[in-house]
Amino acid sequence: MYLGANLRIRKLGLCVIGGLLILVYLYSVRTSTNTISMKTLLAGAIKAAEIGGLEIIDVHNNRRLNIESKGKTNEGVNDPVTAADYKSHCAMYNALKAAFPKITVISEEKSKECDKVNVFDLTDSFKNIDDWKFDDFFVNVNDVTIWIDPLDATKEFTENLLQYVTTMVCISIKKEPIIGVIHKPFESKSTYWAWVDHGSSDNFKIHLPEDNKVPVLIVSRSHAGTIQNASRLAFGDNVQIISAAGAGYKTLEVVAGNATAYVHMTAIKKWDICACSAIIRTLGGRMTPLTSSGRISFGANDPTVLNSGVLATMKDHNWYLDKFNNV
């Protein structure tokens, strides 16, 4: 009797262990095929932005820009594309697709001569993510869209106005921009990232505008005149206008308090503003269409162009919206 009872207990134990092993296996299969760690996505986004920057620096240093034209912008300005745009795209896009093959990646550029660009392995950037002092969670890969801008401010890059140049990566979850990365390749310690409700890089210098401060609007160099006319009608003659390039650069200027609002009045591509939106939102500000307080959708099947302009602020967002919409 004792021997039989012992055998039954051993069989029961083996069944329990076997069941646990099956559950562990099923969980590992689920997490490896259907879900992805947000920390892993953040680490990959940071590294992708930085390797894109290395390609841009390489083209600049070797003076092989190979400037072409995409045509004219809505403002009638030439829209250039260079070897740096293509090389940065190839490095960023291929690295992200290799690391996250089931996720849709949307880029400003198309692949061109990517066989001449090294494929970077992003997995090295995943090694230390457990040391990060914020919680991780998993999302379904079908809910994720990655938006990349391989070279923001291309025109200024060709003019050697390198302070405006950035690379950007955005992680959108269910059409919402959740992680944003802006990297300035020509400045040291200049990778800025933010994850909504989790944290941000420690190199942000956040300064909120004072109450009743004269509006300081940062706008595109290519349509500063149009903004000036509309802004004076909206805010009066005391409004200040800063002309600059690159959505990434202008967003960081708003965060730093060097401008009270980033305003774009014409159509803008979503890869220009996805990372910016995530960063502004994480740090307590807002980015919306210029014509409404609604959110901007960044899904895999959404239009890539926002036709209604854009407004980004760290404070008093609705006040700026009302001013522009009452002109």
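The values are calculated or read from the model by the stated rules, or taken from the named source; none is laboratory data. For clarity, every value in this text was computed on a predicted model and none was experimentally measured. With ideal geometry, Cβ positions are generated from the backbone for all residues, glycine too; neighbour counts draw on all protein chains shown. Just the protein is used for accessible areas: all its heavy atoms, side chains included, with ligands, DNA and RNA removed. Shrake-Rupley method; radii C 1.70, N 1.55, O 1.52, S 1.80 Å.
Would you mind calculating the relative contact order of segment 187-327 from Cα pairs under 8 angstrom and at least 6 residues apart, reporting the percent as a whole number? Before the final figure, lay out each step's value.
On the way: 243 pairs, mean separation 37.7, N = 141.
So the answer I get is 27 percent.
Ordered by residue, what ³J(HN,Hα) values in Hz, to whole numbers, does segment 249-263 give under the Karplus form 6.51 cos²θ - 1.76 cosθ + 1.60, where θ = phi - 60° and Gly and Pro are x?
3J(HN,Hα) across segment 249-263, in whole Hz: 4, 5, 4, 5, 5, 5, 4, 6, x, 7, 9, 8, 7, 9, 10.
Is segment 155-197 best put as rounded, prolate or oblate by its Cα gyration tensor, with a ≥ b ≥ c the root eigenvalues, rounded for a/c under 1.5, and otherwise prolate when a/b is larger than b/c, oblate when not?
Values: a/c = 5.01, a/b = 2.07, b/c = 2.42.
Taking the square roots of the gyration eigenvalues as a ≥ b ≥ c, segment 155-197 is oblate.
Quick check: with the 1.4 Å probe, what order do SER88, SER243 take by accessible area, largest first?
Numbers: SER88 0, SER243 55 Å².
Most to least solvent-accessible, the answer reads SER243, SER88.
Of the listed values (i) 0.98; (ii) 1.18; (iii) 1.12, identify the label whose number matches Cα Rg over 2.2 N^0.38 Å calculated from this model.
Matching entry in (i) 0.98; (ii) 1.18; (iii) 1.12: (ii).
When the accessible area of segment 150-217 is computed with all protein chains present and a 1.4 Å probe, what percentage of it is carbon and sulfur?
Values: 1400 of 3040 Å².
In segment 150-217, the share of accessible area belonging to carbon and sulfur is 46 percent.
Among TYR93, VAL165, VAL141, pick out the residue whose Cα is farthest towards the positive end of the charge dipole of segment 75-188, where Lys and Arg carry +1 and Asp and Glu carry -1 on C-beta, about the Cα centre.
VAL141
Between ARG232 and ASP143, what FRET efficiency comes out of the Förster formula 1/(1 + (r/R0)^6) with R0 = 45 Å and r the beta carbon distance, rounded to 0.05?
Numbers: r = 44 Å, r/R0 = 0.97.
Once the sixth-power term is evaluated, E becomes 0.55.
Could you tell me what percent of the DSSP beta bridges with both partners in the chain are antiparallel, to the nearest 5?
Numbers: 37 of 48 bridges.
If we restrict to bridges inside the chain, about 75 percent are antiparallel.
Can you tell me the dipole magnitude for segment 138-250 around its Cα centre, using point charges on the Cβ only (Lys, Arg +1; Asp, Glu -1), in Debye to the nearest 20? Display every interim value, and only then the final one.
Numbers: 10 positive and 12 negative charges, 32 e Å.
Here segment 138-250 has a charge dipole of around 160 debye.
Between ASN66 and LEU208, what is the spin-label point distance in nm, taking each point 7 Å from the Cα along the Cα→C-beta axis?
4.9 nm
Report, in debye and to the nearest 20, how large the dipole of the chain comes out about its Cα centre when Lys and Arg carry +1 and Asp and Glu carry -1 on their Cβ. Could you put the intermediate results ahead of the total?
On the way: 35 positive and 34 negative charges, 186 e Å.
Computed charge dipole of the chain: roughly 900 debye.
What number, rounded to the nearest 500 deg cm²/dmol, is the helix-based mean residue ellipticity at 222 nm of the chain, given -39500 (n - 2.57) per DSSP H run of at least four residues and division by all its residues?
Values: 8 runs with 122 residues, N = 327.
Taking each H run of at least 4 residues, the total per residue is -12500 deg cm²/dmol.
Run the simple label-point estimate for THR304 and SER111 please: 7 Å along Cα→C-beta, distance reported in nm.
Using points 7 Å along Cα→Cβ, the separation is 1.5 nm.
Pop a pseudo-label 7 angstrom from the Cα along the beta-carbon direction at both THR104 and ASP121 and give the gap in nm to one decimal.
In this crude spin-label approximation the distance works out to 3.1 nm.
Take the residue pairs LYS39/LYS133; LYS110/LYS269; LYS39/LYS127; LYS127/LYS189; LYS175/LYS270 and return only those whose Cα atoms are more than 18 Å apart.
Pairs exceeding 18 Å: LYS127/LYS189.
Counting only heavy atoms of the protein chains, get the accessible area per residue of the chain (1.4 Å probe) and round it to a whole Å² value.
Numbers: 16150 Å² over 327 residues.
Result: 49 Å² of accessible area for each residue.
Which value, in debye to the nearest 20, gives the size of the charge dipole of segment 241-326 about its Cα centre, when Lys and Arg are +1 and Asp and Glu are -1 at the Cβ? Provide the component values of the computation, followed by the final result.
Numbers: 8 positive and 5 negative charges, 17 e Å.
Result for segment 241-326 is approximately 80 debye, rounded to the nearest 20.
Set Lys and Arg Cβ to +1 and Asp and Glu Cβ to -1, take the dipole of the chain about its Cα centre, and tell me which of MET265, VAL239, CYS114 lies farthest positive.
CYS114
What ranking, highest mean first, results for peptides 258-271, 285-298 when packing means the other Cβ atoms within 10 Å averaged over each residue? Present the calculation step by step, with values, prior to reporting the outcome.
Values: 258-271: 21.9, 285-298: 17.9.
Ranking, from highest mean packing down: 258-271, 285-298.
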